[in-house]
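Before any comments, here is the structure.
The values are calculated or read from the model by the stated rules, or taken from the named source; none is laboratory data. None of the values given here were measured: they were computed from a predicted structure. No Cβ is skipped: glycine too gets one built from the backbone with ideal geometry, and neighbour counts run over all protein chains shown. Surface areas here come from the heavy atoms of the whole protein model, side chains and all, with no ligands, DNA or RNA. Shrake-Rupley method; radii C 1.70, N 1.55, O 1.52, S 1.80 Å.
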Amino acid sequence: MQITATIAKWGNSAGVRIPRDIREAIGIEEGSTVSMEVRDGSIVLRPVQTPARRIGRYALPDLDALFAHYDGPQPAEDGFAGPVGKEEL
C-alpha cells in the first residue's frame, strides 16, 4: 500500500497525517505511541506496545511494567508530624 501525504508545519516542528487505512493496517490509533528511526534514508515508524491491565472493558496502562526500569527519585514515606494543636483525642 502506497499513499502520498504532505508534510505540514506543526508549531516549531513538522508533521504528517497518517491515513486511517495505514493506521488500521499496523494497529495504531489516535493517542498511540510509536517509535521513529531513520533507516537507509527512510523514516520508519513502529507501534510501541505498552503493557496494559484489563479492568472490565477498559485497558489501562500497567504501571508496574511502565516503571519497571525507572531509576529516578523514589518516593519515600516521611511519616506524619506530631500533633500541634487539639487534634489529639
Projected onto the charge dipole of the chain (unit charges on the beta-carbon of Lys, Arg, Asp and Glu, signs +1, +1, -1, -1), the Cα from THR6, GLY72, THR50 with the largest positive-side position is that of THR6
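I need to check one value: relative contact order of segment 1-63, counting alpha carbon pairs closer than 8 Å and at least 6 residues apart, in percent. The partial results should precede the final answer.
On the way: 51 pairs, mean separation 10.4, N = 63.
It rounds to 17 percent for segment 1-63.
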For the chain, dividing by residue count, accessible area per residue (probe 1.4 Å) in Å² works out to 100 Å²
So the compactness index of the chain, its C-alpha Rg divided by 2.2 N^0.38 Å, takes the value 1.87
Taking the chain and counting helices only, DSSP H stretches of n ≥ 4 at -39,500 (n - 2.57) each over all residues, the nearest-500 ellipticity at 222 nm comes to -2500 deg cm²/dmol
